[in-house]
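Contents: one structure, followed by commentary.
The values are calculated or read from the model by the stated rules, or taken from the named source; none is laboratory data. Computed from a predicted model, the values in this text were never measured in an experiment. Glycine gets a Cβ as well: all are built from the backbone with ideal geometry, and neighbour counts include every protein chain shown. Note: accessible area is taken over every heavy atom of the protein model, side chains too, but ligands, DNA and RNA are not part of it. Shrake-Rupley method; radii C 1.70, N 1.55, O 1.52, S 1.80 Å.
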Amino acid sequence: MEGSYLTNSLAQNTILIILLYTASSISFISALEKTNVEFIRSSCSLTTYPTLCFNSLSTQAAAIQTSPKLLAQTALSVTLDTTRSTSSAMVKLSQVHGMTPREVAAMKDCIEMLSDSVYELKRSLEEMNRPGSKDSRLVISDIQTWVSSAMTDEDTCSEGFANDPKMKSVVRGKIVNVAHLTSNALALINSYATFSKQAIERN
């Protein structure tokens, strides 16, 4: 009888320990997730479009953690994916019948510029993902140049329809999100550049 009581007591204590461990683990994970999300929110507050920045990156909080480099890489990746899908949408839009020759020419230019943006963003992301190929400050400088160039392409694309308000509205609706994401990515890359420079100086 006493043995049975001890067995039951031991089992209850074991269960209690497991529950407490599980609860503390969940609490720890929850605290980490909150820290990661707050890091993204704080970083995004420095961008031109903080709400878009946070909404586009917060779902990747577990992967980003509190790393400025991973944050910048993820922002670039999201921007690249969005630019690709927007470019595909513009190709489909260019095939709509009834467009004037001016619209067709402007649309062709726009698609080419978006293609350039995809190339520049892809090159930037590849360079950021490549470990220690050359001086990190030169790498960041190159990336800043490429992303800035992508932003210029997107702005020029929208301006190509200045004489056609209706088509400009349609195109702008597709381009503006890409332009804002690119702007945010550049801001986060600049923040990472500052962080990286400070880290080098400390060493």
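Some points to look at:
- At R0 = 45 Å, FRET efficiency that the Cβ-Cβ distance of Glu38 and Ala105 yields, to 0.05: 0.40
- Distance between the pseudo-spin-label points of Thr194 and Thr51 (7 Å out from Cα toward the beta carbon): 2.4 nm.
- What the Cβ-Cβ distance of Val176 and Glu112 gives, at R0 = 25 Å and to the nearest 0.05, is a FRET efficiency of 0.85.
- Solvent exposure of segment 88-190 amounts to 53 Å² per residue of accessible area, where only protein heavy atoms count and the probe is 1.4 Å.
- Cβ-derived FRET efficiency at R0 30 Å, Gln144 paired with Asp81, nearest 0.05: 0.90
- Candidate aspartates and glutamates - alpha carbon under 20 Å from Lys108, same-chain residues fewer than 8 apart omitted: Asp116, Glu120, Asp153, Glu154, Asp155, Glu159, Asp164
- Full-extension gain in nm, Ala162 to Lys92, via 0.36 nm per residue minus C-alpha separation: 23.1 nm
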